[in-house]
Amino acid sequence: MTNFDDYLNEQLKNPEFREEYDALEPEFSIIQSMIDARRETGITQKQLSERTGISQSDISKFERGGGNPSIRTLRRLAAGLGMRVKIEFQPLTRR
């Protein structure tokens, strides 16, 4: 385990931190899905930019969590990867 993982695990013991961290899960999930899809197709950010007309810097920003892409933008990215976007609502789990 890395020092960051150790630090994160320690911070997650704090209920307030845990609540805030868990609230970001949807964004983390979308970001990771974008990165995974691009890597699975074997294309670079630049190639995806050329396919979609979205700047490489914006794609990089999205992948770093620095942007808030619209559903329309997510659809363009997915189409550039030969994929589609699927968003679903799930029931909350009680702890």
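Key figures
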read-out	value
Shape category assigned to the range 55-95 from the gyration tensor of Cα positions, a/c cut at 1.5	oblate
Cα→Cβ-extended label distance, 7 Å offset, between GLN90 and GLU27, nm	1.9
Normalised contact order of the chain, rounded percent, pairs of Cα under 8 Å and 6 or more residues apart	20
GluC sites (Glu not before Pro) within the range 30-95, DSSP loop, no more than 15 other Cβ atoms inside 10 Å	GLU88
Separation of alpha-carbon centers, the range 67-95 and the range 4-33, rounded to whole Å	20
Peptide ranges 25-33, 2-10 listed from the most packed, as the mean C-beta count within 10 angstrom indicates	25-33, 2-10
Positive-pole candidate from ILE35, LEU12, GLY82, dipole of the chain, charges at beta carbon	GLY82
Only Lys, Arg (+1) and Asp, Glu (-1) charged, at Cβ; the range 30-95 dipole about Cα centre in debye	180
Column: log10 I(q)/I(0), Debye, Cα scatterers of the chain, q = 0.22, 0.24 Å⁻¹	-1.09, -1.20
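Taken together, the values in this text are just the output of simple stated rules run on the coordinates, not laboratory data. In this text, all values refer to a predicted model and were calculated from it rather than measured experimentally. Reconstructed Cβ throughout: ideal geometry from the backbone, glycine too, with neighbour counts over all protein chains shown.
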